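Okay, structure first, notes after.
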Amino acid sequence: MNEPSRTEEPTGFDALGLRPELLKSLANLGYEEPTPIQRETIPLLGEGGDLLGQAATGTGKTAAFALPLLNTIDPLDAPLTTSLVLVPTRELAVQVSEAMFKYGSELKVKVVPVYGGQPIQRQLHALKRGAHVVVATPGRALDHIRRGSLDLDAVRHVVLDEADEMLDMGFADDIEEILGATPDDRQTILFSATLPPRINKIAEQYQRDPARVQIKRSDTDPGTALISQIVYHVNRHHKSGALGRILDIEAPTSAIVFCRTRTEVDELTETMNGRGYRAEALHGGMDQKQRDRVMGRLRDGTAELLVATDVAARGLDVDTLSHVVNYDVPSAPESYVHRIGRVGRAGREGVAITLAEPRQKRLLQNIERLTKQTIEVRKIPTVADLRNRQVELTVKAVSEALASDDLDDYGSVLDGLDGAESDRRIALAAIKLMHEARGTFLDEVEIPDATFRKEKDRHRKRNDKSGNFKKGERRNGESGPDSKKRHASTSNGDTGFVYVSLGRKAGVRPGDLVGAIANEAGLSGNQIGPIRIQENFSVVGVPEQSVDKVSKAVSATMLRGRKVRVRRYND
Ligand code: AMP
């Protein structure tokens with residue numbers, strides 16, 4: 001699924017007047033089309049006027065202001081500070097500067113974040129080397145201005161991001177002083193999630209006739225009445241595990257999972273396959289033939305999960321679809337309605353599941369306002385919930401089989417076992433086989449629910465993008481390309497890795513690996529992980545001091561009916 005080229009495909013950003021270097025970075029990031037706020041603001045800002053934008057986090061507002069600013073930078077320009085972005089928190093400073101760095105990578109743009117809490121010396125050096133863009137919290141920006149280390153004479157563009165939060169945090173005076181140190185004829189861009197009167201006052205004070213942009217809400221009846229809408233709150237690095245567990249419980253006939261980018265589609269497809277789902281990717285980087293093939297597999301039931309971007313899934317109509325999953329809260333409420341409308345067609349019931357990070361609360365509220373419906377908040381299923389559900393599904397399947405009229409066809413199997421065991425034990429063995437064939441596997445680690453995260457944690461967590469594992473956490477089926485590296489870097493040297501000579505091709509599932517290692521080497525489930533299952537081999541994290549014991553113990557055993565070789569994995 002990784003083969004299609006990402007850089008030559010036209011994307012929906014082409015019409016926005018952006019430089020080719022930026023288009024290339026966006027294509028590399030897998031962005032297929034601008035979000036509504038981007039579509040509206042990028043051309044506007046390109047004309048140089050001021051802007052007052054109402055947009056919540058998660059709408060793509062960072063790129064909405066970052067791209068037009070970057071568009072004015074010439075790769076050959078000396079790194080004079082022409083853009084200043086003010087943000088309320090250090091986490092947002094880091095996040096915005098990382099985003100600008102990514103978008104501007106092909107332009108070789110120099111972006112420097114300055115915020116309180118980081119040693120000032122480091123920032124002094126960075127500023128001295130020069131920056132096209134400085135992203136700062138107000139207090140630290142003032143500190144640098146007063147020291148003479150931040151020269152704002154060449155500034156052409158100022159962004160006040162999350163202006164309402166900056167005011168709430170008491171930065172009004174600092175902002176005034178900082179703006180006073182910039183040229184009067186600058187472009188001033190203000191983004192705020194809410195527009196209370198004090199924001200309008202700021203706009204009047206510092207902006208010139210700003211264009212106003214707000215994500216439009218349509219009042220049309222979205223027709224979502226037959227769809228049960230559920231949201232689970234979960235942190236970013238637990239998302240794939242949470243999705244696996246939710247789907248295990250929901251047992252959809254077939255489902256579509258919407259992701260934001262092609263990269264995310266590819267990674268999640270691999271992860272879900274590692275977890276035993278027959279998942280297929282669908283994104284704009286695939287040609288028509290590849291897409292048709294994927295759709296065919298979904299329609300005939302060969303695939304049960306379609307992981308897709310919005311663009312690729314446009315116009316998709318599959319009657320067997322029982323579930324729609326938003327792997328992220330969509331940035332526009334209309335897009336949510338559009339997505340979930342894939343189920344609940346022709347009077348049938350459907351389920352729409354959304355995984356939301358704590359910071360995406362406002363987006364959910366926008367959606368509820370548009371659909372005039374409440375999205376039910378559910379807790380991430382616990383290990384016990386999963387076990388109960390597995391039992392329930394097996395009982396249901398066996399009851400259905402008991403009602404079928406061809407049971408006697410299997411009499412010869414029972415005859416073959418005659419006298420060997422009691423009927424009860426034979427039935428239990430048959431149920432065990434069925435459980436295993438259905439891919440029911442050990443999944444022992446609880447996934448933290450993020451429903452009650454306090455609002456003040458919002459910003460801290462938004463930067464929690466690394467997907468790092470914490471010590472003792474296990475992420476089944478993890479198969480991102482750098483998953484091992486990420487884990488190793490945060491494990492304080494405690495986690496070692498073993499190479500296992502069988503992989504997906506041999507039908508290996510995370511539960512097989514956990515089961516074999518736990519049984520043979522006497523480790524407990526939560527000491528095992530992360531797990532990466534590739535086509536022909538697997539790599540499993542175990543406590544460093546147990547690597548040799550696990551290699552020896554598991555090498556003497558069979559996995560999925562085949563002999564397995566296990567050794568320390570060094571690379
Ligand atoms: P923001 O609202 O700026 O915090 O952005 C929310 C998330 O959306 C970030 O993870 C961005 O990387 C992502 N994003 C922004 N624009 C796009 C786009 N056009 N396509 C896909 N993802 C995007």
Accessible solvent surface per residue of the stretch 140-218, calculated while the other protein chains remain in place, 1.4 angstrom probe, Å²: 49 Å²
Net charge contributed by nearby residues that have their C-beta within less than 11 Å of Val329 (K/R +1, D/E -1): +3
Whole-Hz ³J(HN,Hα) from phi, Karplus 6.51 cos²θ - 1.76 cosθ + 1.60, for the stretch 258-264, glycine and proline x: 8, 10, 7, 10, 4, 4, 5
Lys pairs under 30 Å by Cα in the stretch 12-219, provided they are eight or more residues apart or on distinct chains: 18
Fraction of alpha-carbon pairs over 19 Å apart in the stretch 493-571 - percent: 21 percent
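I need the shape label for the stretch 12-219. Rule: rounded when a/c is under 1.5, else prolate if a/b > b/c, else oblate, with a, b, c from the alpha carbon gyration tensor.
oblate
For the stretch 4-151, what does the relative contact order come out to in percent, with C-alpha contacts under 8 Å and a separation of six or more?
Computed value for the stretch 4-151: 23 percent relative contact order.
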Nonlocal amide H pairs with Val325, under 5 Å, H built at 1.01 Å: Ile256, Val257, Phe258, Ile353
The stretch 222-381, relative contact order [Cα under 8 Å, separation at least 6], %: 38 percent
Note, ³J(HN,Hα) from phi for the stretch 111-126, Karplus 6.51, -1.76, 1.60, rounded to Hz, x at Gly and Pro: 10, 10, x, 10, 8, x, x, 9, x, 5, 4, 4, 5, 4, 4, 4
Interchain or long-range residues, amide H under 5 Å from Val159's placed H: Leu84, Val85, Leu86, Ile189
For the stretch 222-381: lysine pairs under 23 Å (alpha-carbon distance), excluding those fewer than 8 apart on one chain: 4
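Cβ neighbours within 10 Å, averaged per peptide: list 83-95, 140-152 in order, most packed at the top.
83-95, 140-152
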³J(HN,Hα) computed for each position of the stretch 267-277 - Karplus, 6.51 cos²θ - 1.76 cosθ + 1.60, integer Hz, glycine/proline x: 5, 5, 4, 5, 4, 5, 5, x, 8, x, 8
Cut-off under 5 Å, modelled amide H: who pairs with Leu559 long-range: Val564
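The values are calculated or read from the model by the stated rules, or taken from the named source; none is laboratory data. Keep in mind that what you see is a predicted model, and the values were worked out from it rather than measured. Heads up, the Cβs are rebuilt from the backbone with ideal geometry, glycines too, and the neighbour counts pull from every protein chain shown. Note: accessible area is taken over every heavy atom of the protein model, side chains too, but ligands, DNA and RNA are not part of it. Shrake-Rupley method; radii C 1.70, N 1.55, O 1.52, S 1.80 Å.
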